[in-house]
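Participant: Please read through the structure below; I'll follow up with questions.
The values are calculated or read from the model by the stated rules, or taken from the named source; none is laboratory data. Predicted model, so just to flag it, every value in this text is computed and none were measured. Here Cβ is always computed from backbone atoms with ideal geometry, including for glycine, and neighbour counts include all displayed protein chains. Calculation scope for accessible area: heavy atoms of the full protein, side chains included, ligands and nucleic acids excluded. Shrake-Rupley method; radii C 1.70, N 1.55, O 1.52, S 1.80 Å.
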Amino acid sequence: MAHGHHPTGIKRWLFTTNHKDIGSMYLWFSFTMFLIGGAMALGIRLELFQPGLQFWEPNFFNTLTTMHGLIMVFGAVMPAFVGLANWLIPMQIGAPDMALPRMNNFSFWILPFAFTLLLLSLVTPLFPDGAPNFGWTFYAPLSTKFGPASTDFFIFGVHLMGISSIMGAINVIVTVMNMRAPGMSLMKMPMFVWTWVITAFLLIMVMPVLAGAVTMMLTDRHFGTSFFDAAGGGDPVMFQHIFWFFGHPEVYIMILPAFGIASHIIPTFSRKPLFGYASMVYATASIAFLSFVVWAHHMFTVGMPVAGELYFMIATMIIAVPTGVKIFNWVATMWQGSITFETPMLFALAFVVLFTLGGVSGVMLAMTPVDKQYHDTYFVVAHFHYVLFPGAIFGTIAAVYYWLPKWTGNMYNETLGKVHFWFSIIAVNLTFFPMHFSGLAGMQRRVPDYNMMFEGFNQLSSIGAFMLGFSQLLFLYLVINCIRGGKGKATDRVWEGAEGLEFTHLPSPAPYHSFEQAPEVK
């Protein structure tokens, strides 16, 4: 196809093999899911504003918590990172496109169908006994023996999401291994590319494990097996082992690309190269490796042998070391730099600070005797939301602000971007910080009613949640406004002092086909 020529209309989006189009579709899909999952979170916070049952009966409340978790993890965070990978990796390594463009199109178009299956289970006439209501971790036997009929829709939805993830991951690995520009060795790749390659290996290793778990659920439900049924010689705890062997690397899949994003943004706005590039790469690889050997820290209360508890406790604390290396490197990058605080930098800094806070509460939860007290309380909810919201979501938002001028050729409204940031950061802390206290005082998670003594903390959290939800609509406005022209044209070197191929070689907006011939890397 000639340079600059691109198809238009519905066919362009249905049949596209262009990495930028597919990246945009992933990002829009992810944002839609973010709003749907967020609406469910607001439903949860509405119920919890006061003690007593106000709006939902308990079963529907359980459905809300289940669907909120599933949609945010599989529908919002993961597709957002795949969208960024599609947009950025070919541009950063000097490749004309992704290596397997048709598979790329296929792996995106599976997703709307997967989530339609999942959301159809909410339609009551189809399933009189309701949607999945067993928590996003779908522990057996709640999901096998006692799961509603809609669980089968959920199982097929999870299979489709897994297939999509594996194809996306294969595509990233093949692209990076085979299509780097001449002269770009592995240790010259931008950090975002590195974090994504490592994430892709994680995905290929853990997605089949999840597929195995849901297949065993399916056969337990319909084909007379008893993998997870003690009455037939199975073991419900085995489900937890299989699930968390997937689930723990999964949480790193949801954060590693954000580490890569921060490693681009912080050097740019500090006007300094990234401190300790090689140690960043090795730290990311160590985190990925260690993520496979800590899974049972989610299961300290199942009655493990003390030796097992001790091992998982120590291994979990060790994972804090490479994570700490990354944080110190980001701080060292900023040290004595001439820092400016544009919107992407604000989100990246909030990411570093609040993710660290979430990491600290994670080290607390790593200690077995402590975890036995905190298990299934709001302290755990506070911990993983501090890791995921300021981590994965702020990371994605920072990336969008940072690369949007490059993608569209227009500048977004910086003032409104800062307003969005301040609303978001105040709201995130107002929502999730009080949960530490209600959790330490013993408030259980996933329960629609609670003791009156927790009312104050819950009201703060609910007010924060609504503020957080509605401030994301400002983000939506900002992005659409920027696509339509924003605050005028962006220059080719959008952020002065920026490093990386994606800035040095490409005009703004990035052309439909990035490179006629691969750029040379000196």
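Participant: Which one of the conditions (1) over 29 Å from A332 (Cα atoms); (2) in contact (Cβ under 8 Å) with a residue 12 or more places away in the chain; (3) of a type outside the set (K, R); (4) part of a helix (DSSP H, G or I) does I265 fail to meet, given that it meets all the rest?
Facilitator: (1)
Participant: Cβ contacts < 8 Å: first residue open to solvent by less than 10 Å² (accessible area, probe 1.4 Å), restricted to the range 397-424; second residue in a helix (DSSP H, G or I) and acidic (D, E), any location; separation 6+ or different chain. Result?
Facilitator: Filtered contacts from the range 397-424: W403/E502; K406/E502.
To keep it simple, each residue is scored yes or no on (1) at pLDDT 95 or above; (2) among the polar types (S, T, N, Q); (3) touching a strand residue (DSSP E or B) at 6+ places or on another chain (Cβ under 6 Å); (4) within 30 Å of M453 (Cα to Cα).
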| residue | (1), (2), (3), (4) |
| --- | --- |
| G37 | yes, no, no, yes |
| A41 | yes, no, no, yes |
| Q50 | no, yes, no, yes |
| Q54 | no, yes, no, yes |
| E57 | no, no, no, yes |
| V77 | yes, no, no, no |
| A85 | yes, no, no, no |
| Q92 | no, yes, no, no |
| W109 | yes, no, no, no |
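Participant: Let me ask something else about it. Please count how many residues of the range 37-84 are of a type in the set (A, V, I, L, M, F, W, C), assigned to a loop (DSSP other than H, G, I, E, B) and surrounded by fewer than 20 Cβ atoms within 10 Å (Cβ to Cβ).
Facilitator: Within the range 37-84, residues that are of a type in the set (A, V, I, L, M, F, W, C), assigned to a loop (DSSP other than H, G, I, E, B) and surrounded by fewer than 20 Cβ atoms within 10 Å (Cβ to Cβ) number 4.
Participant: Separate question: Given the range 348-457, what helices (runs of 4 or more DSSP H) lie entirely inside it while holding 1 or more residues that are under 23 Å from A41 (Cβ atoms) and among the aliphatic types (A, V, I, L, M)?
Facilitator: Helices (runs of 4 or more DSSP H) meeting the threshold: 378-387, 394-408, 414-440.
Participant: Among the candidates M191, M167, single out the residue that is under 25 Å from H19 (Cβ atoms), open to solvent by less than 10 Å² (accessible area, probe 1.4 Å), in contact (Cβ under 8 Å) with a residue 40 or more places away in the chain and of a type outside the set (K, R).
Facilitator: M191
Participant: Identify all residues within the range 291-314 that are part of a helix (DSSP H, G or I) and within 16 Å of V251 (Cα to Cα); write none if there are none.
Facilitator: Once the filter is applied, which keeps residues that are part of a helix (DSSP H, G or I) and within 16 Å of V251 (Cα to Cα), the range 291-314 yields S291, F292, V293, W295, A296, H297, H298.
Participant: Considering F239, F243, F228, F259, which residue is aromatic (F, W, Y), open to solvent by less than 10 Å² (accessible area, probe 1.4 Å), assigned to a helix (DSSP H, G or I) and more than 20 Å from F289 (Cα to Cα)?
Facilitator: Numbers: F243 fails: more than 20 Å from F289 (Cα to Cα); F228 fails: assigned to a helix (DSSP H, G or I); F259 fails: more than 20 Å from F289 (Cα to Cα).
Within the list F239, F243, F228, F259, the selection yields F239.
Participant: So for the range 338-354 (the condition being farther than 25 Å from H385 by Cβ and open to solvent by less than 10 Å² (accessible area, probe 1.4 Å)), does at least one residue qualify?
Facilitator: no
Participant: Right, another one. Does A288 qualify as being part of a helix (DSSP H, G or I) and buried (at least 17 other Cβ atoms within 10 Å of the Cβ)?
Facilitator: yes
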